[in-house]
1. Which aspartates and glutamates does residue 40 reach when only Cα atoms under 17 Å apart count, and residues fewer than 8 places away in its own chain are ignored?
2. Taking the full set of protein chains and a 1.4 angstrom probe, give the accessible area of residue 109 in square angstrom, rounded to the nearest 10.
3. Any chance you could look up the accessible area of residue 17 with a 1.4 Å probe, heavy atoms only, rounded to 10 Å²?
Amino acid sequence: MERLAFSIWWAVEIAGLFHSEIHVFLMENPDKQILKTVKKLSRIISSKLEMENVPYQTRTAKKEPNFSGQVLEYAIANRADIIITMKDKNGFEPFLMVGNEEEKLIYNTSQIPVMCIDPA
């Protein structure tokens, strides 16, 4: 949870500087344990954003394997200025996005900047 707090802090700081709205894009997953974790994290994020008076929206991805593609589609459709993701010791969050999926997000053809937070 400490790693998550660090990522939220950055998002709140950036939103405050630019008077922005944050879009929280959640992963849908058929695995009940993963889905439970995603919902728990979503509640924590929402609580923090509300406490900081940061406007936000929450959306959930479709039940498809291409999460990074959905993130990019959503970012393009909503004219996102930046995508923030978190790196952990095993790779990038969300934890099911590995290898080529990471590269597609970071080196996206829409040239939306991606901020990769390493809380270590």
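The values are calculated or read from the model by the stated rules, or taken from the named source; none is laboratory data. Because the structure is a prediction, the values reported are computed rather than measured. Please note that ligands, DNA and RNA were not included when accessible areas were found on the heavy atoms of the full protein model with its side chains. Shrake-Rupley method; radii C 1.70, N 1.55, O 1.52, S 1.80 Å.
1. The qualifying aspartates and glutamates are 2, 28, 31, 50, 93.
2. 140 Å²
3. Surface accessible to solvent at residue 17 totals approximately 130 Å².
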